[in-house]
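Bear in mind these aren't lab numbers, they're just calculated from the coordinates by the rules spelled out. All values reported here derive from a predicted model rather than from experimental measurement. Ideal geometry is used to build each Cβ from the backbone, glycine not excepted, and the neighbour counts take in all protein chains shown.
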Amino acid sequence: MIMEIFLFFILSIFSLIASLMVITLKNAVHSVLFLILVFCNMAGLLLLLGAEFLAFMLLIVYVGAIAVLFLFVVMMLNIKINIVNLNSISLIPLGIIIFGSLFYQFSLTIKELYIFKSLYQQPTIVSWLIEENLTLNVKVIGNVLYTNYSLLFILSSLILLIAMIGAIVLTMHQRTNVKKQLIEKQLIRSSAGAVKFISLRK
């Protein structure tokens with residue numbers, strides 16, 4: 001358990017540092033890259049806590065789709081940084097209010113859930129040597145989705161397919177004034193009307 005606790009604290013520290021870099025960096029591309037690092041660290045924490053399905057969904061959905069979409073959008077827009085002189089003294093009351101509300105919620109979480117006490121008395125971190133021969137929650141959720149809720153799963157996939165086709169059809173612009181090559185008309189065309197012989201004077 002010492003190795004799991006060490007990894008837990010290392011991933012927590014890296015996620016906090018990366019999240020601070022997300023909100024403090026001025027370059028949008030660097031912020032998105034650190035956001036991807038935050039998601040990867042949180043996926044590692046979820047794996048240590050035994051939530052494999054949530055960790056994989058976090059990697060697939062957020063890192064594989066949303067963060068990469070943010071990255072491509074930011075790189076294509078080529079956002080220019082406009083330097084605006086803000087009075088930092090006027091932002092202090094707002095910062096104090098936000099910090100106070102977040103610190104109050106954090107203290108309530110520690111008080112109600114006993115995070116630090118349960119970490120040493122009843123460890124919630126999963127030892128992968130013990131879990132090696134057991135059924136993972138990914139297999140359990142997959143068995144439930146593809147057996148009890150297979151019809152609903154297939155219907156949801158069909159709805160997503162129809163939505164994707166609809167989005168493609170709506171974004172396609174059909175222009176009527178564009179000259180297109182019609183292969184069938186070219187094949188049925190006779191050579192008598194296409195070739196004309198003329199006599200040239202010498």
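Packing-based ranking of 160-171, 51-62 yields 51-62, 160-171, ordered from highest to lowest mean Cβ neighbour count within 10 Å. Distances between placed amide hydrogens fall under 5 Å for residue 25 paired with no residue 5 or more residues away or on another chain.
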